[in-house]
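Notes to accompany the following structure.
The values are calculated or read from the model by the stated rules, or taken from the named source; none is laboratory data. Note that this is a predicted model, so its numbers are computed, not measured. Every residue, glycine among them, receives a Cβ derived from its backbone with ideal geometry; neighbour counts consider all protein chains shown.
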Amino acid sequence: MPEPLKNLFNHDVISHMAKHFSSHANASCGEGFDIEIFIEIASKNLENLELKQRSAQIMQAMKHCLPDNFNLAADIMLKSLAAEHNSDLSQHADLSLGLNGWAIMPMAEYVGVYGQDDFNTAMNLFHAFTQRFTAEFGIRHFLLSNPQKTLSTMLKWCDDDNHHVRRLASEGCRPRLPWGMQLPIYIQNPQPIIELLEKLKDDNEEYVRRSVANNLNDIAKDHPDLVADTLQLWGKGASPERKKLLRHAGRTLLKQGNPKALQIFGYFPAQLKNVILNIEEEVVDFGSKLPFSLQIEASSKKKQLLMVDFAIHHLKANGELTAKVFKWKTITLEHGQPLLLTKSHPFKAITTRRYYPGVHKLEVLINGVSVGLKSFELKMNVE
């Protein structure tokens with residue numbers, strides 16, 4: 001069993017933060033730093049808190065123990081940092097020589113919440129933080145309060161020598177960043193974000209390009225046509241690296257069967273015959289798998305590039321069905337060669353879904369179009 005993610009904020013991390021803040025407090029402001037109070041506040045009821053709750057509690061300990069003057073607090077935080085990283089950042093960082101890794105998360109949040117009156121100092125801190133972990137959550141406070149000035153700074157970061165800073169320029173402005181506050185202004189009008197991503201689409205680091213792809217994928221959830229147009233434009237003369245970015249950026253559009261996105265990647269309406277979808281077990285016990293197969297044959301004499309996906313229509317508590325699309329296979333179908341595909345889908349406990357007993361449905365989609373739909377019953381084990 002892997003260690004819970006929340007345990008990345010633990011007593012050891014809190015103690016190191018207290019130690020480094022204390023060692024620099026006297027030099028920065030001539031005031032002492034109460035290590036015991038900091039640890040007491042940051043550690044209160046720690047075992048019962050989730051990751052973001054732990055981070056928020058550590059931030060409150062910082063607010064209580066650091067100087068009220070933000071510039072003095074900023075100086076302490078800056079001097080407490082470890083040397084900057086030039087490679088991928090580790091989640092399990094050595095804090096003995098300075099703060100980095102997950103310890104940065106509550107620090108960036110502190111700056112986002114309490115640094116609003118000192119824009120330049122806050123931006124300098126985010127620039128430093130992201131080279132030790134990330135500042136993608138903290139900077140969103142500024143994108144909400146002062147979007148134009150903040151985005152202007154992030155546009156400059158697109159040319160920074162450090163790839164972690166360039167990545168922050170993209171990751172920090174994702175409209176629907178997981179774990180992060182949403183950015184309504186860019187959900188409504190993402191064009192300024194597209195202009196920023198344009199500068200990073202051919203970055204020499206895949207770490208940055210992947211963030212660009214994820215940002216575009218976020219935007220596609222609200223503006224599919226805009227992203228489809230962007231994919232088409234960026235696809236002209238694209239390098240292999242950019243083509244990989246575009247494919248990752250278009251994943252939601254492809255799952256949704258967006259016609260323009262499908263054609264951009266070479267998926268045209270499939271010409272098929274003798275399509276047969278079979279479910280081996282019409283009753284599936286929770287904890288087991290649903291085995292199924294698809295038989296297809298081409299009705300066209302030309303080769304066809306096919307993207308085969310399947311959707312499970314999950315039964316919800318209110319009796320309605322909600323589809324979740326899964327990737328299955330990408331194939332080239334030749335004329336005159338019947339093809340049999342097999343798959344099994346597990347039904348097991350996961351943190352992101354609650355299952356309910358009853359009739360569910362399996363649907364297979366080829367190039368975004370449904371080619372088969374079958375019902376099956378999910379039985380839940382009752383202790």
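Got a sec? Which of 82, 61, 74 is free of Cβ contacts under 8 Å to residues at least 60 places away in the same chain and touching a strand residue (DSSP E or B) at 6+ places or on another chain (Cβ under 8 Å)? Only one candidate qualifies: 82. Figure legend. Inter-residue proximity from segment 138-155: first residues under 11 Å from residue 192 (Cα atoms) and assigned by TED's automatic domain parsing to the domain that holds residue 115, second residues among the aromatic types (Phe, Trp, Tyr) and in a helix (DSSP H, G or I), beta-carbon distance below 8 Å, spacing 6+ or different chains. Indicated pairs: 147/186. At least 1 residues being within 14 Å of residue 338 (Cα to Cα) and among the β-branched types (Val, Ile, Thr) is the threshold, and among the strands (runs of 3 or more DSSP E) wholly inside segment 261-327 those reaching it are 272-279, 289-298.
Residues checked against (1) over 23 Å from residue 153 (Cα atoms); (2) aliphatic (A, V, I, L, M); (3) surrounded by fewer than 21 Cβ atoms within 10 Å (Cβ to Cβ):
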{"residue": "199", "(1), (2), (3)": "no, no, yes"}
{"residue": "224", "(1), (2), (3)": "yes, no, yes"}
{"residue": "250", "(1), (2), (3)": "yes, no, no"}
{"residue": "256", "(1), (2), (3)": "yes, no, yes"}
{"residue": "261", "(1), (2), (3)": "yes, yes, no"}
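Reported count of residues in segment 346-383, each being loosely packed, with under 13 Cβ neighbours inside 10 Å and not in a strand (DSSP E or B), is 9. Considered as a group, the residues in segment 285-321 that are more than 20 Å from residue 352 (Cα to Cα) and among the hydrophobic types (A, V, I, L, M, F, W, C) include one that is surrounded by the most Cβ atoms within 10 Å (Cβ to Cβ), and that residue is 296.
Here residue 343 meets each of (1) buried (at least 17 other Cβ atoms within 10 Å of the Cβ); (2) touching a Ser or Thr at 6+ places or on another chain (Cβ under 9 Å); (3) in contact (Cβ under 8 Å) with a residue 60 or more places away in the chain; (4) of a type outside the set (Phe, Trp, Tyr) with one exception, condition (3). Which condition number does residue 332 fail, the rest of (1) outside the structural domain of residue 233 (by TED's automatic domain parsing); (2) among the polar types (S, T, N, Q); (3) not in a strand (DSSP E or B) being met? The number of the failed condition is (3).
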